[in-house]
Amino acid sequence: MKKMNKFGLAASLSLGLVIAGCGNDTENEDNTNNAADNNNANVTEDNNANEENNAADDAENNNAEDGEAAGGDYGEELDYTITGIDAGAGVMSAAEEAVEVYELGDWTVQASSDAAMTQALADAYENEEPVIVTGWTPHWKFAEFDLKFLDDPENVFGEAEDIHTFVREGLSDDMPEAYEVLNNFQWSEDEMGEIMSAIQEGEDEEEAARAWVDENEDMVSEWTDGVDSVDGEEIELVFVAWDSEIASTNMIALVLEDLGYDVTMNPLEANFMFQAVSEGEADAMVAAWLPGTHEHLLEDYGDSMEDLGANLEGARTGLVVPEYMDIDSIEDLQQ
Ligand code: PBE
């Protein structure tokens, strides 16, 4: 299986870094300490109290409503920064919209990457410090950490989503075997999670996918049943390097490879992924989150590609925090 980096990724990643660089993340540590210092005045005399205790005490002692006080404190501690992922992700636009809709004032959504976001989450979690990330399920972080989605009463992030498979126009004629497998492909959050967790635990992406394919012959054979083998035909899959899509794309690539295809996997930014399939540059992708997350991309590119329906049902996006944080709703972030 080949991986390539043909178009889009380098350019859009560096854009992401520029955006990230514009944020005020480098001051996080200092500001956290300052926030804790400032809080000491109206909290307890206990210098050993950690930041979370300060936040909790503040929430109790403060005249303001509990939620507002906790959210306000977290704002200072976090320098009003929500840790995001790649700038092109749908969950990023939704998070920015949430800042508007909930009138979150100084809060900003900082672009980074799935890997950097989960690292920030892990670092905070280890020290029981606050952190707010753009999150989604399926994702291994929910197995690794005790997390919660913040309630979204204005429904900015939408309801449950399905992950759809899209193929380029003409694929059913040109590669009927691949088309049929892609059309049949459907699994669950738990099944995707098995590969994601194995990768997270350090297994190579392809090896983790291989182990899953070998252990789930029954399911895989439902997708490939009656489909003829091919002789080294080249097929290109595009995806975005989100942990969920790394798992699904590696897995389906191996299933196609086992059928005789010469598979290339090309990681791109989300808009280039849609564009590549719509322009026939790539053959397929299994990474379209609908109806909400990628709605804008579907509007731009959906007419010139074929939707093969959901390969996974019941996905979700939103703002995610550790359970130990003293807020439950995005509204609690209002100052
Ligand atoms: N995600 C994972 C993507 C879709 C898959 C939620 C990060 C996004 O926001 O575009």
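The values are calculated or read from the model by the stated rules, or taken from the named source; none is laboratory data. Treat the numbers as computed from the prediction; the structure is a model and nothing was measured. Here Cβ is always computed from backbone atoms with ideal geometry, including for glycine, and neighbour counts include all displayed protein chains. For the accessible areas, the whole protein counts, side chains as well, though only heavy atoms, and no ligand, DNA or RNA atoms are used. Shrake-Rupley method; radii C 1.70, N 1.55, O 1.52, S 1.80 Å.
Under 8 Å between Cβ atoms, which residue pairs at least 6 apart in sequence (or on different chains) link something in the range 320-335 that is hydroxyl-bearing (Ser, Thr, Tyr) with a partner that is open to solvent by 70 Å² or more (accessible area, probe 1.4 Å) and outside any strand (DSSP E or B)?
TYR324/GLU128; TYR324/ASP146; SER329/PRO153
Looking at LEU121 and the list (1) open to solvent by 30 Å² or more (accessible area, probe 1.4 Å); (2) under 14 Å from the mean Cα position of the chain (by Cα); (3) more than 13 Å from the ligand (Cβ to nearest atom), which single condition is not satisfied?
Of everything listed in (1) open to solvent by 30 Å² or more (accessible area, probe 1.4 Å); (2) under 14 Å from the mean Cα position of the chain (by Cα); (3) more than 13 Å from the ligand (Cβ to nearest atom), LEU121 misses just condition (1).
Name the residue that is most open to solvent (accessible area, probe 1.4 Å), counting only residues in the range 89-108 that are small (Gly, Ala, Ser) and modelled with pLDDT of 95 or more.
SER93
Of these, SER197, SER229, SER278, SER221, which one is at pLDDT 95 or above, touching a Lys or Arg at 6+ places or on another chain (Cβ under 8 Å) and open to solvent by 10 Å² or more (accessible area, probe 1.4 Å)?
Being at pLDDT 95 or above, touching a Lys or Arg at 6+ places or on another chain (Cβ under 8 Å) and open to solvent by 10 Å² or more (accessible area, probe 1.4 Å) holds for just one of SER197, SER229, SER278, SER221, which is SER278.
Quick check on ASP79: is it within 28 Å of THR137 (Cβ to Cβ), modelled with pLDDT of 95 or more, buried (at least 21 other Cβ atoms within 10 Å of the Cβ) and more than 16 Å from the ligand (Cβ to nearest atom)? Before you say what the answer is, go through the steps one by one.
Details: within 28 Å of THR137 (Cβ to Cβ): yes; modelled with pLDDT of 95 or more: yes; buried (at least 21 other Cβ atoms within 10 Å of the Cβ): yes; more than 16 Å from the ligand (Cβ to nearest atom): yes.
Criteria met by ASP79.
Kindly establish whether ALA284 is within 12 Å of the ligand (Cβ to nearest atom), aliphatic (A, V, I, L, M) and either in contact with a Phe, Trp or Tyr (Cβ under 6 Å, 6 or more places away or on another chain) or under 23 Å from GLU191 (Cβ atoms) (or both).
Criteria not met by ALA284.
Got a sec? Which of GLU257, GLU236, GLU269 is open to solvent by 20 Å² or more (accessible area, probe 1.4 Å), farther than 19 Å from GLU189 by Cα and in contact with an Asp or Glu (Cβ under 8 Å, 6 or more places away or on another chain)?
Just one listed residue meets the conditions, GLU236.
Among (1) over 17 Å from the mean Cα position of the chain (by Cα); (2) more than 23 Å from GLU159 (Cα to Cα), where does PRO267 come up short?
Every listed condition holds for PRO267 apart from (1).
Could you grab me the full set of residues in the range 286-301 that are open to solvent by less than 50 Å² (accessible area, probe 1.4 Å) and assigned to a loop (DSSP other than H, G, I, E, B)?
Going through the range 286-301, the residues open to solvent by less than 50 Å² (accessible area, probe 1.4 Å) turn out to be 286-290, 292-294, 297, 301.
Selection gives GLY292, THR293, HIS294.
Which residues, counting only those in the range 150-189, are surrounded by fewer than 22 Cβ atoms within 10 Å (Cβ to Cβ) and acidic (Asp, Glu)?
ASP151, ASP152, GLU154, GLU159, ASP162, GLU169, ASP173, ASP174, GLU177, GLU180, GLU189, listed by residue number.
Quick one: count up the residues across the range 107-150 that are of a type outside the set (Lys, Arg) and not in a loop (DSSP other than H, G, I, E, B).
Residues flagged as of a type outside the set (Lys, Arg) and not in a loop (DSSP other than H, G, I, E, B) within the range 107-150 amount to 26.
When you look at GLU331, is it more than 16 Å from the ligand (Cβ to nearest atom) and either part of a helix (DSSP H, G or I) or of a type in the set (Asp, Glu) (or both), yes or no?
So GLU331 fits the description; yes.
Take the conditions within 20 Å of GLU194 (Cα to Cα) and either out of contact with any helix residue (DSSP H, G or I) (no Cβ under 9 Å at 6 or more places or on another chain) or open to solvent by less than 20 Å² (accessible area, probe 1.4 Å) (or both) and apply them to MET325. Does it pass?
Answer is no for this residue.
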